[in-house]
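Derivation of every value follows stated rules applied to the coordinates shown; laboratory data play no part. Just so it is clear, the model here is predicted, and its values are computed rather than measured. Counting neighbours? That spans all protein chains shown, and the Cβs are built from the backbone with ideal geometry, glycine included.
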Amino acid sequence: MNKNKHWGRYEQLRPEQIETIFEQYPIAYLPWGASEYHGVHNPVGLDSIKAYGMCIDLAKSVGGLVLPVVHQASSTIKTYPGVNFKRHSLEFSEGLIRMMCREYFEQLAEEGFKIIVLLTGHCGEPHFEILKSVADEFNQKHPDKYFWTLAEFEVLEPDMLVANHSAIGETALQLYYAPELVALENLPQDRETTLVDDAVSGADPRPATAEMGAKIVETFVHNAGKRIKELLQKLS
Ligand SMILES: [Zn+2]
């Protein structure tokens, strides 16, 4: 199993399998998610499921090693001002997130990876800003490597996907990766969705489809993949 593959799930590989992939593709993908309330229609692990799925699809296309998902996040809807969703989110401190990000980057640099792609499915602030600033810090320190913190919507046109919370974009991705975890019928039938009532920030999730999710993933893989291939060429 996994012989001569160009990509793999890090935790499932033996050392020689890791080295085979690493030799040609010294690229680590670090999917960063959250356990966060995503309304009555989506699972609390949406950000993690989305980030992991997109890292795997990216690795399949480009090559490299996908690390296990990091589920710890700060800046969740639990403490978001103006809403009252106190349950079903596990929120960690900003200091811990910064420290974890530094230690992951340090370890991955020590392992010799040339490109470290941190794809965050959760973009609450300052969570997102912390992951970005740690990448800046490491890019200064390691000019022979590249640390890329990104969110999926950053490499997509706004008419395809914008930053959202459990709205049409995230729901389409959830429907693409694990449709059995979505229950759109749990939303009230008689009105539009809102942030305050439904934890939906962005367009109404009800028209979302798996096909829409597939299209987003395909474009994401194309655009992010292009950048990673260029970086690999430049750095090797
Ligand atoms: Zn989310």
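Here are some notes:
- Summed side-chain charge close to residue 167 - residues other than residue 167 whose Cβ falls under 12 Å, Lys, Arg +1, Asp, Glu -1: -3
- Pairs from the table (5/215; 141/226; 50/215; 145/215) lying more than 22 angstrom apart at Cα are 5/215; 141/226; 145/215.
- Value of D in µm² per second that Stokes-Einstein yields for the chain, Kirkwood Rh from Cα pairs, at 20 °C (1.002 mPa s): 118
- For residue 121, neighbours were defined as the other residues whose beta-carbon sits under 11 Å from its Cβ, and their charges (Lys and Arg +1, Asp and Glu -1) total -3.
- In segment 51-120, the trypsin sites (Lys or Arg not before Pro) that fall in loop regions by DSSP, at most 10 other Cβ within 10 Å: 86, 87
- Beta bridges by DSSP in the chain, antiparallel share as percent, to the nearest 5: 5
- Förster-model FRET efficiency, 25 Å R0, residue 190 and residue 79, C-beta, rounded to 0.05: 0.25
- Residue 211 versus residue 178: modelled label distance in nm, points set 7 Å from Cα along the beta carbon direction: 2.5
- Degrees separating the helix 94-110 axis from the principal Cα axis of the chain, which is the longest one: 30
- Taking amide H as placed 1.01 Å from N in the peptide plane, the amide H of residue 146 sits under 5 Å from that of 115, 116, each at least 5 places away or on another chain.
- Lys/Arg +1, Asp/Glu -1 at C-beta; the chain dipole; positive extreme among 33, 117, 169: 117
- Net charge of neighbours whose Cβ lies under 12 Å from the Cβ of residue 94, counting Lys and Arg as +1 and Asp and Glu as -1: -2
- Between helix 127-141 and the chain: long-axis angle, C-alpha atoms, 0 to 90°, nearest 10: 10
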